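Enquirer: I'd like to ask you about the structure that follows.
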Amino acid sequence: MVRSANINEIIKITMLKKIFFILITALFCFHHMLAQESVVKSPDNKTSVRVFMKSGALKYTVFRSNKIFLEESSLGVMTSIGDFTSKLKWDTSKEEVFIKNYHFNKGKASEIKVKANQLTVDVLNNNKDTLRYTFRVGDNDIAFRYSIHTSSRKTRISITDEITSFNLPDISTTYLTPQSLPMIGWEQTKPSYEEEYKLDAKLTEPSMYERGYTFPALFKIGDFGWLLLSETGVDSNYPGSRLSDSDANGIYQLEFPQSEENSGIGNSNAFGSIPFYAPWRTISLGETLKPIVESTVAFDHVDPKYEPGADYELGRATWSWIVWQDGSINYEDQIKYIDLAASLDFEYVLIDNWWDTAIGKEKIKELVAYASSKDVKILLWYNSNGYWNDAPQTPQDLMHEAPARQKEMQWMKDVGVKGIKVDFFGGDKQVTMKLYEDILTDANNYGLTVTFHGCTLPRGWERMYPNYITSEAVKASEMLIFDQNYADNYARNATIFPFIRNTVGAMDFGPVFFKERYHRDYNQGNIRKTSNAFEAATAVLFVSPVQHFGITPEILDSQPKFIIDFIRKVPTVWDETKYISGEPGDHVAIARRKNQRWYVGVANGQNGPMNLKLDIPMLAGKKVALIVDNENGTAALKIRNVNKKGVLDVSMIKGGGCVIYSL
């Protein structure tokens, strides 16, 4: 009996040991599994990013208010020093607070306060090199990027592929503009971000050219939210990226430029030194479009790359070419536009293409002196091309190589030219990004501002480059002159840009037209289909630190004093921006403040008249001026008192708009 009891006791102890071992193993596995993921939440605890390992690959998801905005999406890169997409091992993770306060004088707000919770995750590949992902999660903005570090003696690297993806919920619809085919368009200068948007499309609908979509990319997540994807901090160390077409599951991949871009010159992938830092990819999200319109994420995670070479002045410019076209590039017409600028207290006149042959450098010198006597400054147009497009406009071959560029810039500095507009780039490759940066850097050394046309999306450049001013990168006002169909749909398109393209960077659309036809001759040209109040509103709705206006000298005689006074005083940079209402294709209402004065711009994108009840609490109980529509498209001035609840009723005709500003 004793021996039998001992055996039973031994069996019992053995079983307990096995159970204990199983529990310890399970706890170890559970702890190991927990160590394979990290979750970081926003300061308001409503937005969260989960980063985790799955079968040796790095993944992430994004939630807002307990609703999924991005489903399981991929992270990782293929490089010349190894594979960082599979067979990865979780190494470390760390969370900390990111705080940044800065002054910004080129956009929708001036005093920026950024607070985010930052998660840094390190994973190792088979060579034990480190892929590091940094996520900064604010209440409505997420910025993330990767960097690569190695303890070996390697000093250079090429990124052959990114597998970064964005997995949209199946209930999403898209508000996207397609990536152009390379080497099409005017003299083979595309892609240049000048395609049209398609609104509220199915998630899996192919793009027009089946080459994906350009940034920024807007999505509506069912009936509970909006999400905008973009990138910032792209410089000479990385190409500009885009989104692929969606696969059947609503997954968009990040893609490098097409090989044929920039006339096939340069590689499509990235090259750099170790440690290697990629640009920031950004996600803005919310229950409404408000946080997307008001976001400054494109500038929050980048810093100036050099000190300003001059005290660069921002403001407004007259521009003869947009309505009077090539024939206006002569000495006499430029005098008229200098006088127009002076009479409206504008800061600049832009002299466009062909000035070198149609006017000549000696006469340009005289124009600069004449403009200076009226406190107006001159900007000059240049062709970017050396050997990547066939655009015939001159001056040519002066911006693509440093010796010629610096010699030309020295001449501009000597005669008193204050800035340049450089056109026709046609690509997003790293070599093209380097050209942008080289032009900006050299121009800064000669005290010149830079505007880009026929170009890529600016990616944080207003803050990165002190002399950078603005970029086209949109199907802009020149198409009103060239295409009556575009002019017919301008009001609808104008309700798109403030929610997508213009949210992430300066947009040189070239707005504000008052002639009934887009032509110097009153009996020729495309017919304008928008009201005068609408045109005034675009000066508030579109943000560009230097706004190139479409007005002509006739404005001084054809428009009432209140329109002239508004144009004379309207700012181009702002201290604060507030979303009021609207969505792409329907209407847009945005309030912007400069110093103590609020301006509200409203545009009707519907195919008929529209009545709106605007909630504008910043003007509650205040007396305001309204520029509103007459039935015939002319503008009227009304003085109203906003009620104590901050609600104001406005009416707009088809193609109409409204401007409200505090008195």
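The values are calculated or read from the model by the stated rules, or taken from the named source; none is laboratory data. This is a predicted model, so every value here is computed, not measured. Glycine gets a Cβ as well: all are built from the backbone with ideal geometry, and neighbour counts include every protein chain shown. Please note that ligands, DNA and RNA were not included when accessible areas were found on the heavy atoms of the full protein model with its side chains. Shrake-Rupley method; radii C 1.70, N 1.55, O 1.52, S 1.80 Å.
Enquirer: Could you work out how much longer the chain between residue 343 and residue 631 gets when fully extended? Use 0.36 nm per residue separation minus the Cα distance between them, nm to one decimal.
Expert: Taking residue 343 through residue 631 to full extension adds about 100.7 nm, to one decimal.
Enquirer: Right, something else. Answer with one residue from 389, 416, 455: the one whose Cα lies farthest towards the positive end of the charge dipole of segment 377-465, charges on Cβ with Lys, Arg +1 and Asp, Glu -1.
Expert: 416
Enquirer: Let me confirm the definition first: pairs of Lys residues in segment 236-393, 8 or more apart or on different chains, C-alpha distance under 25 Å. How many are there?
Expert: The result is 11.
Enquirer: In nm, give the distance between the simple-model label positions of residue 613 and residue 247, each being 7 Å from the Cα along the Cα-to-Cβ direction.
Expert: Placing both labels 7 Å beyond Cα along the Cβ direction yields 4.8 nm.
Enquirer: Between residue 128 and residue 335, what FRET efficiency comes out of the Förster formula 1/(1 + (r/R0)^6) with R0 = 45 Å and r the beta carbon distance, rounded to 0.05? It would help to have the intermediate numbers written out before the result.
Expert: On the way: r = 69 Å, r/R0 = 1.53.
Working from the Cβ atoms, E equals 0.05.
Enquirer: Accessible area per residue of the chain at 1.4 Å probe, in Å²?
Expert: Values: 26130 Å² over 663 residues.
Accessible area per residue, the chain: 39 Å².
Enquirer: Quote to one decimal, in nm, the extra length available between residue 568 and residue 489 on full extension: 0.36 nm per residue of separation minus the C-alpha distance between them.
Expert: Gain on stretching residue 568 to residue 489: 25.7 nm.
Enquirer: Once both labels are modelled 7 Å past Cα along the beta-carbon direction, what's the residue 557-residue 161 spacing in nm?
Expert: 6.6
Enquirer: Next up: Accessible surface of residue 260 in the full protein assembly, 1.4 angstrom probe, to the nearest 10 Å²?
Expert: 80
Enquirer: I need the trypsin sites (Lys or Arg not before Pro) found in segment 371-456, filtered to DSSP loop residues with at most 15 other beta carbons within 10 Å of theirs.
Expert: Working: sites: 374, 377, 405, 407, 413, 418, 421, 429, 434; in loops: 374, 418, 429.
Loop-located and lightly packed - 374.
Enquirer: Using R₀ = 35 Å, calculate the FRET efficiency as 1/(1 + (r/R₀)^6) where r is the Cβ-Cβ separation of residue 111 and residue 87; round to 0.05.
Expert: Working: r = 47 Å, r/R0 = 1.34.
Efficiency, from the Cβ-Cβ distance: 0.15.
Enquirer: Between 499, 467, 549, whose Cα lies farthest towards the positive end of the dipole of segment 445-552 when Lys and Arg beta carbons carry +1 and Asp and Glu beta carbons carry -1, centred on the Cα centre?
Expert: Selected residue: 499.
Enquirer: Under a plain spin-label model, where a point goes 7 Å from the Cα along Cα-to-Cβ, how far apart in nm are residue 620 and residue 171?
Expert: 3.2
Enquirer: Which shape class, rounded, prolate or oblate, goes with segment 391-513 when its Cα gyration tensor gives a ≥ b ≥ c as root eigenvalues, a/c under 1.5 marks rounded, and past that a/b bigger than b/c marks prolate? Could the numbers behind the result be given before it?
Expert: Values: a/c = 2.03, a/b = 1.74, b/c = 1.17.
Prolate.
Enquirer: Do any chymotrypsin sites (Phe, Trp or Tyr not before Pro) in segment 337-398 lie in a DSSP loop with no more than 16 other beta carbon atoms within 10 Å, and if so, which? Don't skip to the answer; put the middle values down first.
Expert: On the way: sites: 337, 346, 348, 354, 355, 370, 381, 382, 387, 388; in loops: 346, 354, 387, 388.
Those that pass, being in a loop and sparsely packed, are 387.
Enquirer: Also: Report in % the part of the accessible area of the chain that belongs to carbon and sulfur, leaving out ligands and nucleic acids; probe 1.4 Å. If you can, show how the numbers build up before the last one.
Expert: Working: 13170 of 26130 Å².
Carbon and sulfur together cover 50 percent of it.
Enquirer: If I take R0 = 60 Å and measure r between the Cβ atoms of residue 404 and residue 643 in this structure, what FRET efficiency does the formula 1/(1 + (r/R0)^6) give, to the nearest 0.05?
Expert: Working: r = 62 Å, r/R0 = 1.03.
The computed FRET efficiency comes out at 0.45.
Enquirer: Pull out the extension gain between residue 72 and residue 37, defined as 0.36 nm times the separation in residues minus the alpha carbon to alpha carbon distance; nm, one decimal. Intermediate results must be reported in sequence, preceding the final value.
Expert: On the way: separation 35, 0.36 × 35 = 12.60 nm, distance 1.30 nm.
Contour length minus the Cα-Cα distance gives 11.3 nm.
Enquirer: With a 1.4 Å probe and all protein chains kept in place, how do 313, 516 rank by accessible area, largest first?
Expert: Working: 313 80, 516 135 Å².
From most accessible down to least: 516, 313.
Enquirer: Among all helices in the chain defined by DSSP H, which have a length of 15 Å or more along the axis from Cα atoms plus a Kyte-Doolittle mean of at least 0.5? Before the final figure, lay out the partial values.
Expert: Numbers: long enough: 2-34 (47 Å, 1.11); 331-343 (18 Å, -0.38); 361-373 (18 Å, -0.42); 402-415 (20 Å, -1.23); 430-445 (23 Å, -0.48).
Both cut-offs are met by 2-34.
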